[in-house]
Amino acid sequence: MKTVAKLVCLFAIMGAAPLASLACGGADTNLPPPPPGPGNGVSSASAPTTSATTVTTASVAPPTLPPPALVLGAQSDDPPAPFPTVKITAPTNGQVIAADKAADFIVKLDVKNWQTAMGSQHVHLILDNHPYKPIYDPKAPVKLSDLMGGDPINEGEHILVAFPSRGNHESVKTKDALAILSFYVVKKPTTTVTDLKKQQMLIYSRPKGDYKGLQASHVLIDFQLVNVTLAEGKEHVHITVMGPGIADKLEAKAEKFGPPYFLDNPQNGVYTVKLELMTESGGVMQVVPGPWNSTTRAIRIDHDAQPDPMPMPSTSAAASASAKPK
């Protein structure tokens, strides 16, 4: 009987070894928390009532998730040449749209060298710094009102941006990948018109919305830039994250345009993510003037929820998928 008890203890300790490695930081922090431990490996019907068994059971502690962290990701490979390009063909740059036609005005895109498909590569379309709309079928009609999140399209200047995105929503940052233009509703203002050839702009892309299940453990933080070259000691993008498990805030400085950041190990709850385009002026860091250059978004983390089902492809997308690529 003593030999049997020793074997039971040995197997119980061996079963706890993987959990011990997790507690010591051996886990892949890009994955959700591992499932609860299997116990002591002995069924309740046959478990011996020895003190050795009781000690082994008490030593199996559930693994704890590392605290949230901001992590710099790896530089993604550029798509092969010819590089993808996106052009906005409607509205045109400087176009004036009547007030009663603005909401239903159809945005048209010309996407080249970038094969889009539902749940895969697509285009991010942004109007007036609202959260982007993913465009999986560039031929499907998109109204200006679809890009406003329920807000009205007021009289005055509006800025429209489009750029290709990978299946994981990381933007493509090759030359000429991004398209940007301004248009006007009712009339062109006589003042405060944005010079898009000179205006330095930060374009917030990710994160946004709800993150559920596996996608909630490794959250992409990504952005685009216009007329800005990031460099150490010069312009940079300041990232600030606040939320559950963070005592004060997490901060990072993106001084190179390209590699994205990730929020790893977030806990269930709501986080705020702020991206700011910063520059030094008189020895003090400050936000570069511009309406898009400081953006804060809230995201919701729910590890226990099932991811939302992928929407069905549109009719034109299904037809494109069945056709032979040119």
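The values are calculated or read from the model by the stated rules, or taken from the named source; none is laboratory data. Values in this document were obtained by computation on a predicted structure and should not be read as measured data. In this analysis, Cβ positions are derived from the backbone assuming ideal geometry, glycine residues included, and neighbour counts consider all displayed protein chains. We work out accessible area using only protein heavy atoms, side chains counted, and drop any ligands, DNA or RNA first. Shrake-Rupley method; radii C 1.70, N 1.55, O 1.52, S 1.80 Å.
Residues in segment 113-164 that are touching a strand residue (DSSP E or B) at 6+ places or on another chain (Cβ under 9 Å) and of a type in the set (Ser, Thr, Tyr): Thr116, Tyr132, Tyr136. A Cβ distance below 6 Å, combined with a sequence gap of six or more or placement on separate chains, defines the contacts here; from segment 185-205, residues that are at positive phi reach residues that are open to solvent by less than 90 Å² (accessible area, probe 1.4 Å) in the pairs Val186/Ala99. Does segment 239-248 include one or more residues that are at pLDDT 95 or above and under 20 Å from Gln121 (Cα atoms)? Within segment 239-248, not a single residue is at pLDDT 95 or above and under 20 Å from Gln121 (Cα atoms). Among the residues of segment 171-184, those that are open to solvent by 20 Å² or more (accessible area, probe 1.4 Å) and either of a type outside the set (Lys, Arg) or free of Cβ contacts under 8 Å to residues at least 12 places away in the same chain (or both) comprise Asp176, Leu178, Ile180.
For segment 80-98, enumerate the residues that are of a type outside the set (S, T, N, Q), surrounded by 16 or more Cβ atoms within 10 Å (Cβ to Cβ) and assigned to a strand (DSSP E or B).
Kept after step one, since they are of a type outside the set (S, T, N, Q), are these residues of segment 80-98: 80-84, 86-88, 90-91, 94, 96-98.
After this cut, where a residue has to be surrounded by 16 or more Cβ atoms within 10 Å (Cβ to Cβ) as well, the list is 83-84, 86, 88, 91, 97.
Result: Val86, Ile88, Ile97.
Quick check on this structure: which one of Lys101, Lys112 is open to solvent by 50 Å² or more (accessible area, probe 1.4 Å) and within 27 Å of the chain's Cα centre (by Cα)?
Details: Lys101 fails: within 27 Å of the chain's Cα centre (by Cα).
Going through Lys101, Lys112 in turn, just one is open to solvent by 50 Å² or more (accessible area, probe 1.4 Å) and within 27 Å of the chain's Cα centre (by Cα): Lys112.
Among residues of segment 86-110 that are of a type in the set (Phe, Trp, Tyr), those with a beta-carbon under 7 Å from a residue that is open to solvent by 40 Å² or more (accessible area, probe 1.4 Å) at least six positions away or on a different chain give the pairs Phe105/Lys143.
On the given criteria, is Thr240 closer than 12 Å to Leu275 by Cβ and open to solvent by less than 60 Å² (accessible area, probe 1.4 Å)? Before you say what the answer is, go through the steps one by one.
Values: closer than 12 Å to Leu275 by Cβ: yes; open to solvent by less than 60 Å² (accessible area, probe 1.4 Å): yes.
Yes, satisfied.
Taken together, Lys324, Lys256 contain a single residue that is over 23 Å from Val71 (Cα atoms) and either at pLDDT below 90 or open to solvent by 80 Å² or more (accessible area, probe 1.4 Å) (or both), which is Lys324. Summed over segment 152-170, residues that are open to solvent by 20 Å² or more (accessible area, probe 1.4 Å) and farther than 25 Å from Leu220 by Cβ total 5. Taking segment 154-196 as the region of interest, how many residues are in a loop (DSSP other than H, G, I, E, B) and more than 20 Å from Phe262 (Cα to Cα)? Residues that pass the stated criteria total 18. Determine, yes or no, whether Phe262 is within 13 Å of Tyr204 (Cβ to Cβ) and at pLDDT 95 or above. The answer is no for Phe262. Looking across segment 272-321, the residues that are open to solvent by 50 Å² or more (accessible area, probe 1.4 Å), at pLDDT 90 or above and acidic (Asp, Glu) come down to Asp302, Asp304.
Of the residues that sit in segment 214-230 and are open to solvent by 30 Å² or more (accessible area, probe 1.4 Å) and farther than 22 Å from Pro291 by Cβ, which one is modelled with the highest pLDDT? By that ranking, first place goes to His218.
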